[in-house]
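Report on the following structure.
The values are calculated or read from the model by the stated rules, or taken from the named source; none is laboratory data. Source: prediction; values computed, not measured. Cβ: placed from backbone, ideal geometry, glycine included. Neighbour counts: every protein chain shown. With ligands, DNA and RNA removed, areas are computed over all heavy atoms of the protein, side chains included. Shrake-Rupley method; radii C 1.70, N 1.55, O 1.52, S 1.80 Å.
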Amino acid sequence: MSHNGKRPPSDRVSSLARHPARLIQSAFEQGQTGMVITDTAGSIVLANDAFCRIAGCEPAEAIGRPVEYFFVSLRVPSILEADDAGPSPTSWQQEVLCRHDDGESVPVLMTVDALFNGEQRPHHYLRTFANLAAPNGEQLGDRHWVHVDPMTGLPNWLLLRDRLNHALAQAERTDHGLALLFIDIDRFKTVNDAAGHLEGDRVLGELAQRLQRALRSKDTLARLGGDQFIVLLEKDGTAEAAQIVTERLQEALEPPFMAENRYLLLTASIGIALFPFDAQDEESLITAARSAMYTARRKGPGHLAFVDHRLTVQLKEKHRLESQLSEAVHLPDRHFVIHYQPEMDRDTGCCTGLEAVLRWRQPKRGLQPASTFLDMVARLGLGVRLDRWVIQQVIASRQEWLTSGSPLGELPVSIQLCEIHLAHDTFDRRPLDHFLRQQGLASLEWMTLEVPGQGLSNNLDAAAHMLKRLERLGARLAVDGLGANPIDLAWLSRLPFGKAKLSASLASSIQQEGRNLAQALCCLLEALHIQPVITGIDDPATAASIDRLSISLVQGDHYCPALPAAELEQWLSARRAART
């Protein structure tokens with residue numbers, strides 16, 4: 001014992017040395033390096049807190065799961081690619097990406113070491129995970145993460161373009177051909193709908209690994225985004241070689257995938273474009289391969305097709321519009337405007353509310369109605385992003401109306417939502433009710449959120465949960481397009497809708513049956529305490545076709561077209577003045 005009553009360091013070390021198990025346990029639990037012990041099948045037996053922080057999971061969530069669930073490989077070590085029948089490797093390193101629930105991907109160096117039994121056979125594996133990101137989030141070292149797709153670890157669009165341009169220049173110099181394969185996973189949206197986007201992302205990572213293993217090391221597999229990939233075949237770009245590779249890729253997808261303890265069978269539609277026969281530059285070659293993919297898709301799931309030149313021109317225009325629209329959604333203040341169309345009570349002639357109507361300032365065609373581009377926005381996966389901008393613009397406009405004393409501030413405002421907005425795992429990981437809370441509004445009673453009827457028919461359980469949460473916030477709810485899609489009426493009776501919008505086309509048929517259908521729907525809705533609104537009444541003939549319906553709320557250009565807020569304020573003031 002030392003003179004101050006404390007034990008010297010050597011004594012404490014000796015004490016710990018007599019209890020190595022306790023020391024090892026402390027190192028495992030308190031270390032800042034992620035550590036996982038798996039069985040020989042790769043299932044997690046033990047995980048420390050540092051690993052859970054890196055992987056973005058709870059300890060109880062990690063135990064029992066395959067360790068590959070929490071990461072995707074950036075590069076497969078050559079030691080794991082060996083095809084010989086020799087002994088399995090017992091130690092290796094590889095760079096991986098651990099993906100958090102919030103969508104952030106963390107680059108990590110994983111080291112794997114086998115733990116041997118008395119017979120020198122691996123019985124468990126120790127995996128350590130060292131974060132390659134600095135505390136401020138910047139990547140360490142000279143690593144080109146900007147060229148890597150964070151979900152799959154594959155080259156992304158930027159790196160693909162660089163390699164494709166280099167390959168085209170090389171092919172021109174050597175007078176050789178090359179092939180480009182455009183891969184689209186058939187019906188992958190159903191995986192996201194059934195299992196959720198996080199599980200869908202995990203399946204997509206596994207799928208990418210299968211495709212990668214089916215290719216040669218000299219081939220490039222890149223992810224374009226969503227469920228689309230491209231393969232660049234540089235060394236052997238003949239039609240025969242491309243078809244062989246394509247069939248090998250489709251065979252790689254044949255074993256079922258697991259998602260939420262269910263088996264999934266996935267197939268791919270693959271289009272093949274050849275240089276120089278189908279196109280001579282980067283953009284044209286990708287467009288041609290995409291065109292061939294659509295040809296393959298029309299044949300049915302799991303098919304391949306070469307280029308059909310008749311579709312190339314149409315497809316090029318389509319993707320030009322998609323590019324313009326994608327840019328517009330990411331810079332909405334420059335490219336979109338919001339007009340407002342009044343909802344009218346045809347019995348009293350009063351304006352009972354407004355609907356926010358989106359217009360796109362298309363570069364060559366001027367203001368375009370939402371019907372011409374919203375389906376494309378949904379295909380691009382940008383619907384939620386655009387909806388969020390519309391909601392914020394409407395909130396800001398209403399605040400201006402209230403401040404200035406505009407009569408528009410007295411009216412409720414309806415906002416159309418895209419189908420996917422009812423999901424819980426949106427692009428920014430903020431469900432709609434969380435997003436609305438963050439807007440700092442004292443009340444949402446003035447806001448009506450219009451849900452597409454198609455969204456209810458596709459995923460009713462998830463929609464019902466979100467709708468009830470929105471109702472608790474105070475927002476009013478309406479279903480749009482009722483009658484155009486099948487819907488469970490029993491479920492409709494339990495959903496918190498206050499309004500339902502029906503198209504005037506249901507009542508504008510010359511046949512009496514059309515009017516009976518519209519009247520029957522209106523009676524049903526009123527029995528459910530849901531107020532019906534007839535929309536799309538754009539001319540006197542359509543207005544006359546609904547005369548026999550016992551319904552008061554209407555909307556359409558026949559009464560007033562969608563107008564900018566300033567013009568609508570003048571229209572409303574003049575109308576009120578005329579009535580007095």
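Taking LEU417 and the conditions (1) closer than 25 Å to TYR559 by Cα; (2) under 22 Å from the mean Cα position of the chain (by Cα); (3) open to solvent by 50 Å² or more (accessible area, probe 1.4 Å), which numbered condition does it fall short on, given that it satisfies the others?
Going through the list (1) closer than 25 Å to TYR559 by Cα; (2) under 22 Å from the mean Cα position of the chain (by Cα); (3) open to solvent by 50 Å² or more (accessible area, probe 1.4 Å), LEU417 breaks only (3).
Only residues in the range 552-580 that are within 19 Å of ASP480 (Cα to Cα) count as the first member; pair them with residues that are among the polar types (S, T, N, Q), Cβ under 7 angstrom, at least 6 apart or cross-chain, and list the lot.
The qualifying pairs are LEU553/THR352; LEU553/GLN531; GLN555/GLN341; GLN555/THR535; GLY556/THR535; PRO561/GLN341; ALA562/GLN341.
Can you pull out the residues in the range 337-381 that are closer than 18 Å to GLU450 by Cβ, of a type in the set (A, V, I, L, M, F, W, C) and open to solvent by less than 50 Å² (accessible area, probe 1.4 Å)?
Pass one, the range 337-381, residues closer than 18 Å to GLU450 by Cβ: 338-344, 351-359, 369-371, 373-375, 377-378.
In the following step, the residues that additionally are of a type in the set (A, V, I, L, M, F, W, C) were identified as 338, 344, 351, 354, 356-358, 370, 373-374, 377-378.
Hits for the range 337-381 are ILE338, MET344, CYS351, LEU354, ALA356, VAL357, LEU358, ALA370, PHE373, VAL377.
If you scan the range 516-560, which residues turn out to be open to solvent by less than 60 Å² (accessible area, probe 1.4 Å) and under 14 Å from GLU355 (Cα atoms)?
Residues satisfying the conditions are VAL533, ILE534, THR535, GLY536, LEU553, VAL554, GLN555, GLY556, CYS560.
So which residues in the range 172-188 are open to solvent by 100 Å² or more (accessible area, probe 1.4 Å) and part of a loop (DSSP other than H, G, I, E, B)?
Matches in the range 172-188: ASP175, HIS176, ARG187.
What number goes with the only condition from (1) part of a helix (DSSP H, G or I); (2) open to solvent by less than 10 Å² (accessible area, probe 1.4 Å); (3) of a type outside the set (Phe, Trp, Tyr) that ALA222 does not pass?
Going through the list (1) part of a helix (DSSP H, G or I); (2) open to solvent by less than 10 Å² (accessible area, probe 1.4 Å); (3) of a type outside the set (Phe, Trp, Tyr), ALA222 breaks only (1).
For the range 475-580, which strands (runs of 3 or more DSSP E) that fit wholly inside it have 1 or more residues that are at pLDDT 85 or above and of a type in the set (Gly, Ala, Ser)? Walk me through it before giving the result.
Details: elements: 476-480, 499-503, 531-535.
In the range 475-580, 476-480, 499-503 are the strands (runs of 3 or more DSSP E) which contain 1 or more residues that are at pLDDT 85 or above and of a type in the set (Gly, Ala, Ser).
Here is a check on your reading of the model: is VAL329 open to solvent by less than 30 Å² (accessible area, probe 1.4 Å) and closer than 17 Å to MET447 by Cβ? Even if it seems obvious, please write down each step before you answer.
Values: open to solvent by less than 30 Å² (accessible area, probe 1.4 Å): yes; closer than 17 Å to MET447 by Cβ: no.
Criteria not met by VAL329.
Checking VAL384 against (1) touching a Phe, Trp or Tyr at 6+ places or on another chain (Cβ under 9 Å); (2) open to solvent by 40 Å² or more (accessible area, probe 1.4 Å); (3) more than 14 Å from ALA565 (Cβ to Cβ), only one condition comes out false. Which one?
The single condition VAL384 does not satisfy is (2).
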